[in-house]
Amino acid sequence: MDYIAGVWQDTHYQLIRVISMMLRFIFLVILIVTSVLKNVVSGQVPGRDKYQLLTMPFNQRPLTLYRGQLHGSTGYKFAVRTQYYDSEGEVVYLRNTGTGSVYHYYFIELRYGLTDFIELAAETNFLKRGIRSESTTYVSTTLPSSEQVTVNKLTEVKGMGDILLSAAVRFPLEYKWFDLALRGGLYLPSSRYEPQEPSHAVSGIKEENSYTVDYHYNNTNGFGVPVYELSGAFKLTLNKFTLNTGIVFSDPTKEGQNIRWEEALVERDFSYYDNSYSYLLNRTLTIYTSLHYQATGWFDIRLSGNYRKSDGGWTEYWGNKYSNPETRLFTIEPGFELQISPTLIICQNAGFPVKGKNSDAPFYLFTTVRFNMFPFLR
Amino acid sequence: MKKSYLIYLFMLLPATMLCQTERQLVPADLKQQTIVSEPVTLRKGFFRTGIIMNYRVADKYFNASGEKEYYITSSWGSTSAYGIILQYGLTDRLQLDIKTEYRNKLQEFQNKEIVAGTNTTIVTTTRQKGLGLGDSHFAVTYQFLQEIERRMSLTGRINVTVPTGEKNPTNIRSVEKYDLPVGEGTYALGINISARKILYPYSLAGYIEYKHNFEGAKKFSAADDAESNFRLGNRFESGLSVNLHLNEWIALANEINFSDKSKGEVESIVTQEIPAEWALSYEPSLVFQVKRFRLGESVRIPLKGKNVPADPLYKIMIQYLF
């Protein structure tokens with residue numbers, strides 16, 4: 001009996017020792033898993049400080065912001081539109097016909113890192129441009145006194161764009177050499193999209209039947225309907241080189257209604273009336289790829305390629321729906337990103353059109369100043 | 001003996017306390033100073049050379065009423081200039097400047113004329129180009145007051161413009177087709193007074209300038225048979241700038257500039273052909289100082305004006321100090 005009791009006691013002790021070891025092991029595993037999970041979820045290596053995160057070079061930066069990080073960007077694009085791709089993809093030199101123009105595009109964006117792998121963003125823009133049409137002089141010599149009317153036409157587009165609200169989620173691991181992100185957003189039709197009344201004028205009256213008519217249309221910016229946007233991005237870093245590629249798809253949620261101004265010229269005075277029409281915006285697909293070289297920690301040089309295609313929309317004229325032309329444009333963009341201080345970054349891209357169809361082909365210079373901070377972190 | 005040692009040490013104490021260490025600047029360091037920290041004139045024996053490129057298109061202008069308008073007829077124009085600057089410090093206060101530029105001007109118009117009676121369409125395309133050496137400028141700058149801790153610098157400059165650029169339309173094929181002039185065709189003398197104060201990492205500067213244009217002669221259009229005597233209006237210009245270091249080698253400059261030019265004369269008669277003009281502009285610049293190299297980018301944005309272009313003027317500057 002004593003022997004049995006001894007064996008039982010030994011077994012009991014061994015059992016307790018095994019259970020104790022198992023508990024220690026489980027505790028250790030939980031500790032390790034918790035620690036790993038914490039790092040995975042936060043995406044940060046312990047020991048990184050705010051300064052390090054603010055000055056993180058492009059090739060070591062994930063596709064979304066760090067938790068608590070705020071980016072405020074403001075940008076200006078100056079574009080010179082001197083050529084156009086026609087429906088056959090041939091270049092039409094607008095400056096030769098005196099119809100070249102300039103557009104000024106101002107941009108503002110706010111991005112905030114909700115966690116290390118979720119980001120919220122809001123952006124809007126302001127656009128200003130005037131497109132001249134070819135001046136035409138109509139001469140009639142059939143009347144007793146010859147009549148000569150010169151017609152100039154300018155279509156001005158000016159105004160705030162819609163507000164895009166978006167959220168992005170990235171691969172929940174610390175960025176080492178690759179990253180994936182998905183973004184979804186919606187353009188709220190916040191801007192005043194209906195065109196303003198034209199401001200046509202009659203000038204240069206030399207004789208009774210000779211004068212100049214200046215048509216001046218005042219269009220606005222904005223889609224007029226909600227447009228959703230979905231995008232995916234991929235980033236791959238190999239030492240100082242980084243490949244960043246992505247796809248952006250946008251589509252209107254519904255058909256829109258707008259007005260079109262018509263005019264009547266009586267005794268050299270214009271009167272205006274508007275007609276409403278319906279429309280469906282084109283859906284747009286953009287594919288971009290950029291190759292980056294991190295020359296030093298504060299200087300990144302890049303060469304990007306952008307391909308943009310839009311189709312599928314229509315516009316109503318006199319009760320009939322006419323499909324919008326399919327547009328395509330491929331642009332090459334050399335550029336750089338310069339970290340001036342932990343809180344200030346400057347980016348600049350120059351855009352050169354390479355190929356396209358039914359599309360303006362402007363040369364542009366896009367400068368962005370980015371303020372970078374952790375407002376709630378000391 | 002012990003006492004005298006103590007007295008001696010006590011006497012040395014203030015000297016030890018007041019002793020300062022001053023960083024010795026070698027010429028190589030002096031040549032790497034930025035637009036914020038460098039003296040307003042070059043130091044003796046220093047030589048700087050540089051290129052300035054600028055570009056502007058003709059899309060909008062301020063009319064005679066001061067309103068911003070698009071050019072409404074079908075027309076397109078652009079102008080660019082590639083200037084070379086040589087600067088030399090004769091003494092620590094006296095600097096010589098030479099500047100000349102190569103200009104490229106372009107104007108294109110098209111008009112379609114539809115004649116109803118004969119049912120014909122006539123398209124008139126006008127393409128005018130101007131390529132060549134523009135006018136040259138020579139300047140002498142003298143620093144009356146050198147900047148010290150509590151005093152700003154005060155500098156005077158005399159600027160002479162020599163009409164080295166072609167002043168008349170050339171290669172005339174028709175009234176519409178000819179090469180544009182690239183020079184003003186007149187001598188000019190300018191006086192500039194500027195002041196600057198460094199409050200590191202900032203510097204504040206201001207200047208006033210008056211330019212007197214002398215009489216010259218040129219053809220105002222390709223249809224003119226002979227040159228007409230003319231005189232451009234005199235020009236007053238002033239500017240205020242606040243510059244700051246964004247880091248040790250990048251400076252941001254901000255300038256508000258005002259210029260006013262009086263009416264010109266043709267054959268001693270005040271004419272609308274050379275109208276009075278004024279402009280108020282803002283010019284931010286970003287200047288990178290990489291050792292002795294200086295790379296700058298700026299844009300002059302017209303804010304208000306009368307009879308002047310309303311499009312931004314882009315400038316890129318590259319300089320090297322030998």
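The values are calculated or read from the model by the stated rules, or taken from the named source; none is laboratory data. Note that the coordinates shown come from a computational prediction; the quantities given were computed from them, not determined experimentally. Here the Cβ positions follow ideal geometry from the backbone for every residue, glycine too, while neighbour counts run over all protein chains shown.
Structure values in brief
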{"item": "Scan of segment A:73-107 for residues that are surrounded by fewer than 15 Cβ atoms within 10 Å (Cβ to Cβ) and under 17 Å from A:ILE345 (Cβ atoms), ordered by number", "result": "A:THR74"}
{"item": "Single condition B:ARG127 does not satisfy, out of (1) within 14 Å of chain A (Cβ to nearest Cβ); (2) closer than 24 Å to B:GLU215 by Cβ; (3) among the basic types (Lys, Arg)", "result": "(2)"}
{"item": "Matching residues in segment B:251-277 - criterion: being in a strand (DSSP E or B) and either charged (D, E, K, R) or within 16 Å of the chain's Cα centre (by Cα) (or both)", "result": "B:ALA253, B:ASN254, B:GLU255, B:ILE256, B:ASN257, B:PHE258, B:SER259, B:ASP260, B:LYS261, B:GLU265, B:GLU277"}
{"item": "Selection from segment A:241-269 of residues that are more than 33 Å from the chain's Cα centre (by Cα), in contact (Cβ under 8 Å) with a residue 40 or more places away in the chain and within 30 Å of A:TRP314 (Cβ to Cβ)", "result": "A:GLU263"}
{"item": "Counted residues, segment A:158-204 - those being assigned to a strand (DSSP E or B), over 30 Å from A:PHE58 (Cα atoms) and of a type in the set (S, T, N, Q)", "result": "2"}
{"item": "Selection count where residues are more than 13 Å from chain B (Cβ to nearest Cβ) and touching a Pro at 6+ places or on another chain (Cβ under 9 Å), scope segment A:71-80", "result": "0"}
{"item": "Residue list for segment B:259-294, restricted to those being among the aliphatic types (A, V, I, L, M), within 30 Å of B:LYS31 (Cβ to Cβ) and surrounded by fewer than 15 Cβ atoms within 10 Å (Cβ to Cβ)", "result": "B:VAL290"}
{"item": "Flag for A:THR150 being assigned to a loop (DSSP other than H, G, I, E, B), within 30 Å of B:GLY117 (Cβ to Cβ) and facing another protein chain (nearest Cβ under 9 Å)", "result": "no"}
{"item": "Test set (1) within 14 Å of chain B (Cβ to nearest Cβ); (2) not in a helix (DSSP H, G or I) - A:GLY68 fails condition number", "result": "(1)"}
{"item": "Qualifying residue in segment B:81-98 (condition: basic (Lys, Arg) and under 23 Å from the mean Cα position of the chain (by Cα))", "result": "yes"}
{"item": "Condition check for A:THR212: within 14 Å of chain B (Cβ to nearest Cβ) and free of Cβ contacts under 8 Å to residues at least 60 places away in the same chain", "result": "no"}
{"item": "Near pairs, Cβ below 6 angstrom, 6+ apart or cross-chain, from segment B:231-258 (within 26 Å of B:LYS31 (Cβ to Cβ)) to any residue that is outside any strand (DSSP E or B)", "result": "B:ASN243/B:VAL36; B:LEU244/B:PRO201; B:HIS245/B:VAL36; B:HIS245/B:PRO201; B:ALA251/B:THR34; B:ALA251/B:ILE35; B:ALA251/B:VAL36; B:LEU252/B:LEU246"}
{"item": "Restricting segment B:109-119 to residues that are at negative phi and not charged (D, E, K, R), the residue that is farthest from the other protein chains (Cβ to nearest Cβ)", "result": "B:THR118"}
{"item": "Verdict on B:SER78 being part of a strand (DSSP E or B), at the interface with chain A (Cβ under 9 Å from one of its Cβ atoms), among the small types (Gly, Ala, Ser) and free of Cβ contacts under 8 Å to residues at least 60 places away in the same chain", "result": "yes"}
{"item": "Flag for A:GLY356 being out of contact with any Ser or Thr (no Cβ under 6 Å at 6 or more places or on another chain), assigned by TED's automatic domain parsing to the domain that holds A:THR296 and in a strand (DSSP E or B)", "result": "yes"}
{"item": "Options A:LEU127, A:LEU120; residue that is away from every other protein chain (no Cβ under 14 Å) and over 29 Å from A:TYR215 (Cα atoms)", "result": "A:LEU120"}
{"item": "Failed condition for A:TYR105, given (1) of a type outside the set (Asp, Glu); (2) out of contact with any Gly (no Cβ under 9 Å at 6 or more places or on another chain); (3) within 14 Å of chain B (Cβ to nearest Cβ)", "result": "(2)"}
{"item": "Residue list for segment B:81-108, restricted to those being surrounded by fewer than 19 Cβ atoms within 10 Å (Cβ to Cβ) and either in contact with a Cys (Cβ under 9 Å, 6 or more places away or on another chain) or within 11 Å of chain A (Cβ to nearest Cβ) (or both)", "result": "B:LEU106, B:GLN107"}
{"item": "Residue list for segment A:329-378, restricted to those being of a type in the set (Lys, Arg) and surrounded by fewer than 18 Cβ atoms within 10 Å (Cβ to Cβ)", "result": "A:LYS355, A:LYS357, A:ARG378"}
{"item": "Residue within segment B:62-74 that is at pLDDT below 90, touching an Asp or Glu at 6+ places or on another chain (Cβ under 9 Å) and away from every other protein chain (no Cβ under 14 Å) present", "result": "no"}
{"item": "Contacts under 7 angstrom Cβ, first residue in segment A:81-97 being within 14 Å of chain B (Cβ to nearest Cβ) and touching a residue at least 24 places away in the same chain (Cβ under 8 Å), partner surrounded by fewer than 18 Cβ atoms within 10 Å (Cβ to Cβ) and not in a loop (DSSP other than H, G, I, E, B), 6 or more apart", "result": "A:THR82/A:TYR93; A:GLN83/A:VAL91; A:GLN83/A:VAL92; A:GLN83/A:TYR93; A:TYR84/A:VAL92"}
{"item": "Among residues of segment B:134-160, those that are outside any strand (DSSP E or B) and not polar (S, T, N, Q), counted", "result": "4"}
{"item": "Whichever residue in segment A:342-365 is of a type in the set (Phe, Trp, Tyr) and within 13 Å of another protein chain (Cβ to nearest Cβ) and, among such residues, is farthest from the chain's Cα centre (by Cα)", "result": "A:PHE363"}
{"item": "Restricting segment B:299-312 to residues that are more than 11 Å from chain A (Cβ to nearest Cβ) and in a strand (DSSP E or B), the residue that is farthest from B:SER285 (Cα to Cα)", "result": "B:LYS306"}
